[in-house]
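Values quoted throughout were computed directly from the atomic coordinates according to the rules given, and no laboratory measurement underlies them. Since the structure is predicted, the reported quantities are computational estimates derived from the model, not experimental observations. Cβ coordinates were reconstructed from backbone atoms using ideal geometry, including for glycine residues, and neighbour counts include every protein chain displayed.
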Amino acid sequence: MELEPHIQIRNLRVEYDRGEHLALKDINLDIPKNQITAIMGPSGCGKTTLLKSLNRFLELNGSTSISGQVLVDGEDIQTPGADVTEIRKRIGLLAQRPYPLPMSIYDNVAYGMRIHRMMPSGRKGKRVTDEKVQQYLEMAGLWDEVKDRLHKPASGLSIGQQQRLCLARGLAVEPEILLGDEPTSALDPISAQHIEKRLLELKDRYTIVLVTHVLRQAKRLGDYVIFMYLGEVVECGPAHEVFDHPKKERTRAYLEGLF
Ligand code: ADP
Ligand code: MG
């Protein structure tokens with residue numbers, strides 16, 4: 001790849017249920033910096049597993065095993081000594097459904113900044129936090145809709161607004177990488193458009209990895225695409241190449257809607 005890789009995945013293998021279920025087989029990928037990478041593929045092919053392995057979200061209980069490497073800026077996030085809190089700060093995840101915290105709109109955005117002690121204390125801290133909360137709500141395209149009710153519970157927002165709030169909350173800890181797991185699939189079309197628009201605006205500053213099973217969304221947003229099937233990467237490359245000239249028969253069949 002000519003583009004600078006931000007994430008490099010080497011021989012990644014994930015097994016669930018004590019090896020009964022091989023979810024990812026020997027994945028090797030380079031994910032480019034400051035681009036949108038769209039991961040597509042039919043349900044159950046391992047998209048969510050792959051995404052979770054990028055920010056240490058895979059449950060490391062006795063029944064799941066992971067081998068291989070996930071390098072972010074050349075550093076392996078899987079090494080036992082890696083600081084998981086720091087990794088999750090650098091690599092945010094927007095889930096399929098919004099999970100606002102049971103607190104006010106304002107506090108949802110301020111939460112991560114507080115946890116990571118990113119704010120000065122005292123009166124100055126309050127002013128800086130106010131400014132940052134506004135800034136990230138603006139970046140998420142939600143400010144105008146909530147500026148008059150910042151201290152009301154986040155649970156009162158519509159689901160589309162909640163997803164934008166979760167985006168603001170994710171941005172507020174200043175990550176480098178944003179992961180999205182079908183982040184528009186639970187939303188109405190207008191809210192989905194809002195999120196898509198924001199992601200396009202954000203890609204100059206963030207590396208975005210977006211799982212989607214909506215082919216049109218992958219076409220609208222993806223600079224780089226990865227097509228997965230049954231736990232393997234079938235094909236990956238610049239979006240126009242994969243969409244216009246797929247190399248593999250299976251990719252062609254998927255693009256033609258045969259799955
Ligand atoms: P996708 O996001 O593409 O639909 P997933 O990554 O969620 O796929 O799942 C890949 C495969 O791994 C599926 O067969 C799924 O049933 C299985 N799987 C996912 N999570 C678990 C888990 N926690 N325990 C056991 N099997 C799982
Ligand atoms: Mg999934």
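List, in the order given, every pair from Lys124/Lys197; Lys126/Lys147; Lys132/Lys203; Lys33/Lys197; Lys47/Lys203; Lys25/Lys203 whose Cα-Cα distance in the structure shown is over 27 Å. Distance filter (> 27 Å) returns Lys124/Lys197; Lys25/Lys203. Over the stretch 33-169, the alpha carbon radius of gyration divided by the compact-protein estimate 2.2 N^0.38 Å works out to 1.22. Seen against the Cα atoms of the chain and their longest principal axis, helix 122-139 is set at about 50 degrees. Against the chain, whose longest principal axis is taken from its Cα atoms, helix 105-115 shows a tilt of about 70°. Among Cys236, Cys45, sorting on how many other beta-carbon atoms sit within 10 Å of each Cβ, with the fewest leading, yields Cys236, Cys45.
Relative to the dominant Cα principal axis of the chain, helix 189-202 is inclined by about 90°. Eigenvalues of the alpha-carbon gyration tensor of the stretch 5-255, scaled by 5 and square-rooted, set the equivalent ellipsoid semi-axes at 32, 21, 16 angstrom, largest first. Shown here is the pair-distance distribution of the stretch 1-48: with all Cα-Cα distances grouped in 10 Å bins from zero up to the longest one, the shares run 23, 45, 26, 6 percent.
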